1. Step through the residues of segment 339-352 one at a time and calculate ³J(HN,Hα) from phi using the Karplus curve (6.51 cos²θ - 1.76 cosθ + 1.60, θ = phi - 60°), rounding each to whole Hz and writing x for Gly and Pro.
2. Using modelled amide H (1.01 Å from N, peptide plane; none on Pro or chain starts), what sits under 5 Å from the amide H of ASP379, excluding residues fewer than 5 places away?
3. In terms of the ratio Rg/(2.2 N^0.38 Å) built on C-alpha atoms, what value belongs to segment 122-197?
4. For LEU248 and ARG152 in one chain, what is 0.36 nm times their gap in residues minus the Cα-Cα distance, to one decimal in nm?
5. Work out the charge dipole of segment 91-177 with +1 on the Cβ of Lys and Arg and -1 on the Cβ of Asp and Glu about the Cα centre, then indicate which of THR169, PHE105, GLN158 is farthest towards its positive end.
6. At 7 Å along the Cα-to-beta-carbon direction for both ARG339 and LEU270, put a label point, then send me their distance in nm to one decimal.
7. Got a sec to turn the phi values of segment 322-329 into Karplus ³J(HN,Hα) couplings, 6.51 cos²θ - 1.76 cosθ + 1.60 with θ = phi - 60°, whole Hz, x for Gly and Pro?
8. Using modelled backbone amide H atoms (1.01 Å from N, in-plane), which distant-in-sequence or interchain residues come within less than 5 Å of THR199's amide H?
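Each reported figure results from applying straightforward, stated rules to the coordinates on display, with no laboratory input. Remember, predicted model here, so these are calculated numbers, not experimental data. Neighbour counts are summed over all protein chains in view; Cβ atoms, including those assigned to glycine, are modelled from backbone coordinates with ideal geometry.
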Amino acid sequence: MLRSAARILTVATAISLIAVSAAEAQRSRRSSQSEDTPAPAAAAPEKAAPAEQAAPAAPPAPAVTFVTLQPQDITLTTLLPGRVVASGVAEVRPQVDGIITERLFDEGADVKIGDPMYRIAPETYEARVAAARAAVAQAQATFNQAENDATRNDRLRQRGVISEQQLETAVATRETADAALQVAQAQLLQAEIDLDRTTITAQLSGVVGRSFATQGSLVTAGQATALAVIRTIDPVYVDVTQSAAELLEFRRGMLQERLKGADTSVALTLADGTVYEKRGELTAAEPYVNESTGVVTLRLTFENPNRLLLPGMYVQVQMPQGQVDNVVLAPQEGVTRNRRGQPIAYIVNGENVIEERELVTAGTRGNAWIITDGLSGGDRIVVAGLQRIRPGVTVRPEERPAAEAEPPVAGSAAPEAPIAPDSAPKGEDAASTDSTKVAPDAAAHDASATSVTAAAVPAEKPAAVSTAAN
């Protein structure tokens with residue numbers, strides 16, 4: 001056992017000595033080779049020089065689409081919500097009691113003043129008329145007798161046959177009979193009116209809605225429920241609300257001065273976003289300010305020959321607020337915002353180089369911004385390809401066809417412009433802030449150039465390392 005352990009220990013020691021000797025021999029051989037051949041290591045940078053001199057090819061100029069702006073005069077408007085109201089409303093109600101025997105109109109049809117609509121059973125009222133006529137005949141006979149007595153007593157008094165008191169009594173009897181006759185005549189007239197009211201007629205020209213009563217229904221005079229409703233819908237009214245401050249400005253004449261020479265008619269936008277073909281006019285303003293909201297109700301009148309506008313319909317009205325001259329309409333897709341929230345636009349100058357402009361807006365018209373400062377007629381605003389450009393970049397411009405460049409119809413509000421990063425700043429701090437102010441498309445372009453250079457540089461490093469290793 002002891003002999004086997006000693007033999008194993010001897011073998012392990014011999015192996016360790018052999019390994020150490022081999023390692024020292026290899027190190028000696030490497031040291032001698034490095035001292036004998038120093039030139040290849042010095043020449044390694046020269047071999048890497050061509051790789052460093054290789055530069056990426058310049059990217060082509062980005063293509064952009066632009067729209068040429070034209071100056072024009074525009075009426076500024078504000079969008080107000082409103083409701084369509086019928087210009088006339090009449091609720092059909094009975095004025096006498098009875099049973100409806102017939103409906104004399106078609107639901108949804110046009111009616112005129114005086115057209116019969118319902119008929120109530122007239123027998124009871126015909127009997128009242130007959131009784132009233134009999135009462136009138138009786139009162140007439142009584143009056144005739146009193147008249148004769150008064151005339152006879154007057155002649156007798158002149159001859160001194162009767163006293164003055166007897167004459168006065170005869171005259172009073174005649175006057176009482178005359179009053180009774182007038183009462184009977186009035187009752188006859190009332191009975192005839194009630195008989196006429198058994199035929200319910202239209203009191204307004206317009207369109208009648210559905211009937212709320214049918215044949216056989218019992219109706220009463222002055223009942224709360226209407227039998228039908230007649231509405232006049234040509235023309236129609238549109239009631240909108242406006243702030244009291246703007247109304248004061250209008251009454252003082254400030255708004256009229258700003259609207260001098262402008263179109264003061266009012267455009268109407270329907271619930272589906274389309275613009276109504278007819279334009280309206282402001283006809284009335286309610287002399288009352290709502291205490292809780294501080295607004296005033298305005299009434300506008302619109303023609304409605306096709307009956308497209310119906311009472312109760314929600315609409316939006318574009319009220320004129322002022323006139324601006326020599327402004328441009330910039331498509332909303334060409335206007336962005338920088339990090340400070342200011343609206344900006346990219347313009348292609350005469351040398352096809354991108355310029356950045358800060359804008360001053362005066363509202364929207366359709367899907368276009370009304371620009372009062374920053375742009376002028378003839379400027380070429382970029383509307384497509386904004387992701388690939390930044391100020392100072394040369395581009396390949398292409399004009400958008402005129403049919404696509406026209407702004408949409410007025411009435412739809414332009415969406416808020418997206419926020420874009422600031423362009424490279426100008427001044428002494430340009431170097432320190434250049435990396436944070438460059439537009440996203442410029443950063444992407446720089447990143448692509450950096451990746452191309454980085455791909456070329458690593459090719460020289462393995463050569464230097466492998467040389468050093470050798």
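1. Karplus-based 3J(HN,Hα) across segment 339-352 equals 5, 8, x, 8, x, 9, 8, 9, 10, 8, 7, x, 9, 6 Hz.
2. Those lying under 5 Å, H to H, from ASP379 are LEU69.
3. Compared with the compact-globule rule of thumb, segment 122-197 sits at 1.50.
4. Full-extension gain reported as 26.7 nm.
5. Working it through, the farthest residue towards the positive pole turns out to be GLN158.
6. 4.8 nm
7. After applying 6.51 cos²θ - 1.76 cosθ + 1.60, I find x, 10, 10, 10, 6, 10, 10, 9 Hz.
8. ILE120
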